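Notes for the one structure printed next.
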Amino acid sequence: MSQSSAEILEALFRGNGLSWMIDMYAPREQAIPAYIDLLDRITAEYRTRCGGAVSFSPEALQAEAERNSHKVQAFLQLLRPDRSPAMLVMVWRVLQGLSIREVDMNYRERDSFRLSFTLAGIGDSGQDQLETYQSMDISDAALVRHLGATKVADKPLFDGFYALRLYDRKQ
(Lines give C-alpha, C1' and ligand atoms only; values in the text may rest on other atoms or scores of the structure.)
Protein backbone atom coordinates (compact mmCIF):
# COMPACT_ATOMS: atom_id res chain seq x y z
CA MET A 1 0.00 0.00 0.00
CA SER A 2 1.45 3.36 -0.96
CA GLN A 3 1.34 6.35 1.33
CA SER A 4 -0.70 9.43 0.51
CA SER A 5 0.95 12.82 0.15
CA ALA A 6 -0.47 13.85 3.52
CA GLU A 7 0.99 10.78 5.24
CA ILE A 8 4.39 11.33 3.62
CA LEU A 9 4.51 14.97 4.66
CA GLU A 10 3.44 14.20 8.22
CA ALA A 11 6.13 11.51 8.45
CA LEU A 12 8.74 14.00 7.17
CA PHE A 13 7.78 16.56 9.82
CA ARG A 14 7.63 14.05 12.64
CA GLY A 15 10.81 12.26 11.54
CA ASN A 16 12.71 15.55 11.62
CA GLY A 17 11.62 16.55 15.11
CA LEU A 18 9.01 18.99 13.80
CA SER A 19 5.83 17.47 15.26
CA TRP A 20 5.05 20.80 16.89
CA MET A 21 4.56 22.34 13.42
CA ILE A 22 1.57 20.03 12.98
CA ASP A 23 0.35 19.98 16.55
CA MET A 24 0.25 23.79 16.88
CA TYR A 25 -2.73 23.98 14.52
CA ALA A 26 -6.23 24.18 15.89
CA PRO A 27 -7.80 22.07 14.64
CA ARG A 28 -4.75 19.90 13.97
CA GLU A 29 -6.38 18.39 10.88
CA GLN A 30 -5.81 21.69 9.03
CA ALA A 31 -2.03 21.53 9.36
CA ILE A 32 -1.05 19.11 6.60
CA PRO A 33 -3.49 20.52 4.00
CA ALA A 34 -2.13 24.01 4.75
CA TYR A 35 1.46 22.84 4.27
CA ILE A 36 0.58 20.99 1.06
CA ASP A 37 -1.04 24.18 -0.24
CA LEU A 38 2.11 26.13 0.66
CA LEU A 39 4.29 23.55 -1.12
CA ASP A 40 2.09 23.91 -4.23
CA ARG A 41 2.55 27.71 -4.09
CA ILE A 42 6.33 27.26 -3.72
CA THR A 43 6.35 24.95 -6.77
CA ALA A 44 4.45 27.56 -8.80
CA GLU A 45 6.78 30.35 -7.63
CA TYR A 46 9.85 28.26 -8.52
CA ARG A 47 8.55 27.55 -12.01
CA THR A 48 7.76 31.25 -12.55
CA ARG A 49 11.19 32.40 -11.37
CA CYS A 50 13.50 29.60 -12.46
CA GLY A 51 11.62 27.47 -14.96
CA GLY A 52 12.09 23.74 -15.00
CA ALA A 53 10.03 20.92 -13.64
CA VAL A 54 10.95 21.13 -9.97
CA SER A 55 8.33 19.87 -7.53
CA PHE A 56 8.04 20.51 -3.82
CA SER A 57 5.47 17.74 -3.39
CA PRO A 58 5.79 15.56 -0.30
CA GLU A 59 6.96 12.71 -2.55
CA ALA A 60 9.71 14.89 -4.07
CA LEU A 61 10.82 16.07 -0.61
CA GLN A 62 10.87 12.48 0.63
CA ALA A 63 13.09 11.45 -2.31
CA GLU A 64 15.40 14.41 -1.68
CA ALA A 65 15.53 13.57 2.05
CA GLU A 66 16.88 10.13 1.16
CA ARG A 67 19.80 11.83 -0.65
CA ASN A 68 20.21 15.03 1.38
CA SER A 69 18.35 14.81 4.68
CA HIS A 70 20.08 17.92 6.07
CA LYS A 71 18.75 20.08 3.22
CA VAL A 72 15.19 18.86 3.61
CA GLN A 73 15.34 19.27 7.39
CA ALA A 74 16.48 22.90 7.03
CA PHE A 75 13.79 23.57 4.43
CA LEU A 76 11.02 21.99 6.53
CA GLN A 77 12.04 24.06 9.56
CA LEU A 78 11.47 27.21 7.53
CA LEU A 79 8.00 26.29 6.23
CA ARG A 80 5.31 28.50 7.72
CA PRO A 81 2.03 29.56 6.17
CA ASP A 82 2.99 33.19 6.83
CA ARG A 83 6.27 32.93 4.87
CA SER A 84 6.34 34.13 1.31
CA PRO A 85 6.78 31.42 -1.34
CA ALA A 86 9.45 33.60 -3.03
CA MET A 87 11.60 33.57 0.12
CA LEU A 88 11.19 29.82 0.44
CA VAL A 89 12.29 29.39 -3.18
CA MET A 90 15.31 31.54 -2.32
CA VAL A 91 16.13 29.22 0.59
CA TRP A 92 15.87 26.19 -1.70
CA ARG A 93 18.16 27.82 -4.26
CA VAL A 94 20.80 28.38 -1.56
CA LEU A 95 20.38 24.80 -0.36
CA GLN A 96 21.03 23.72 -3.96
CA GLY A 97 24.32 25.62 -4.08
CA LEU A 98 23.75 29.24 -5.08
CA SER A 99 25.83 31.68 -3.08
CA ILE A 100 24.41 34.51 -1.02
CA ARG A 101 25.89 37.59 -2.65
CA GLU A 102 23.99 40.26 -0.72
CA VAL A 103 21.50 40.56 2.14
CA ASP A 104 19.75 43.83 2.83
CA MET A 105 17.25 44.37 5.61
CA ASN A 106 15.53 47.62 6.45
CA TYR A 107 13.18 48.01 9.38
CA ARG A 108 11.38 51.00 10.84
CA GLU A 109 9.37 50.48 14.00
CA ARG A 110 5.65 50.29 13.23
CA ASP A 111 6.29 51.64 9.76
CA SER A 112 8.04 49.36 7.29
CA PHE A 113 10.10 46.25 6.71
CA ARG A 114 12.04 45.05 3.68
CA LEU A 115 14.29 42.04 3.30
CA SER A 116 16.24 41.39 0.12
CA PHE A 117 18.57 38.57 -0.88
CA THR A 118 20.70 38.52 -4.01
CA LEU A 119 21.99 35.09 -4.96
CA ALA A 120 24.61 34.17 -7.52
CA GLY A 121 24.98 31.03 -9.56
CA ILE A 122 26.98 30.20 -12.65
CA GLY A 123 24.92 30.74 -15.82
CA ASP A 124 25.21 28.83 -19.09
CA SER A 125 27.75 31.35 -20.38
CA GLY A 126 30.04 30.77 -17.38
CA GLN A 127 29.21 34.21 -15.96
CA ASP A 128 27.52 34.84 -12.63
CA GLN A 129 23.76 34.82 -12.91
CA LEU A 130 22.07 36.90 -10.21
CA GLU A 131 18.65 36.29 -8.68
CA THR A 132 16.96 38.76 -6.32
CA TYR A 133 14.30 37.85 -3.79
CA GLN A 134 12.43 40.44 -1.74
CA SER A 135 9.87 40.43 1.02
CA MET A 136 7.96 43.14 2.84
CA ASP A 137 6.70 40.70 5.48
CA ILE A 138 8.54 40.82 8.81
CA SER A 139 7.74 37.11 9.33
CA ASP A 140 10.46 36.39 6.77
CA ALA A 141 13.09 37.96 9.06
CA ALA A 142 13.27 34.61 10.89
CA LEU A 143 15.09 33.19 7.85
CA VAL A 144 18.20 35.12 8.84
CA ARG A 145 18.79 32.97 11.94
CA HIS A 146 19.34 29.93 9.69
CA LEU A 147 22.18 31.55 7.75
CA GLY A 148 25.65 30.13 8.18
CA ALA A 149 27.72 33.17 9.19
CA THR A 150 31.51 33.17 9.16
CA LYS A 151 34.56 35.16 8.09
CA VAL A 152 37.04 34.43 5.31
CA ALA A 153 40.24 36.47 5.39
CA ASP A 154 38.51 38.61 8.05
CA LYS A 155 35.66 39.43 5.60
CA PRO A 156 32.01 38.52 6.34
CA LEU A 157 30.42 35.57 4.58
CA PHE A 158 26.90 34.14 4.70
CA ASP A 159 27.37 30.58 3.55
CA GLY A 160 24.20 28.53 3.26
CA PHE A 161 21.03 27.79 5.20
CA TYR A 162 21.15 25.25 7.98
CA ALA A 163 18.70 23.39 10.15
CA LEU A 164 18.63 24.34 13.78
CA ARG A 165 19.60 21.37 15.90
CA LEU A 166 16.36 20.17 17.43
CA TYR A 167 17.47 16.81 18.76
CA ASP A 168 20.26 14.30 18.37
CA ARG A 169 19.24 11.69 15.77
CA LYS A 170 21.64 9.12 17.27
CA GLN A 171 19.63 8.77 20.48
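For the chain, with all protein chains in place and a probe radius of 1.4 Å, 49% of the accessible heavy-atom surface sits on carbon or sulfur. Accessible surface calculations at 1.4 Å, restricted to protein heavy atoms, place the chain at 58 Å² per residue. Our estimate of slack between Ala149 and Ser4, defined as 0.36 nm per intervening residue step minus the Cα-Cα distance, is 48.4 nm. Computed over the chain with a Gaussian network model linking Cα atoms closer than 10 Å, the most mobile of Gln73, Gln62, Gln96 is Gln96. Out of Leu12, Ser55, Gln30, whose Cα points farthest toward the positive end of the dipole of the chain (charges: +1 Lys, Arg; -1 Asp, Glu; placed on Cβ)? Positive-most Cα among the choices belongs to Leu12.
Around Lys155, with a cut-off of 14 angstrom between Cβ atoms, what is the net charge of the other residues, counting Lys and Arg +1 and Asp and Glu -1? Taking every other residue near Lys155 into account, the sum is -1.
Each Cα pair under 8 Å and six or more residues apart adds its separation to the average, and for region 28-160 the resulting relative contact order is 18 percent. Summing +1 for each Lys or Arg and -1 for each Asp or Glu among the other residues whose beta-carbon sits under 13 angstrom from that of Tyr133 gives -1. Note on Ala120/Asp37: beta-carbon distance plugged into 1/(1 + (r/R0)^6) with R0 of 41 Å gives a FRET efficiency of 0.85. For region 70-121, a/c is not less than 1.5, where a ≥ b ≥ c are the root eigenvalues of the C-alpha gyration tensor, and a/b does not top b/c. That puts it in the oblate class.
The values are calculated or read from the model by the stated rules, or taken from the named source; none is laboratory data. These figures come from a predicted structure and were not determined experimentally. Because the Cβ atoms are built from the backbone with ideal geometry, glycine has one as well, and the counts that use them run over all protein chains shown. What goes into the accessible areas is simple: the full protein's heavy atoms, side chains included, and nothing from ligands, DNA or RNA. Shrake-Rupley method; radii C 1.70, N 1.55, O 1.52, S 1.80 Å.
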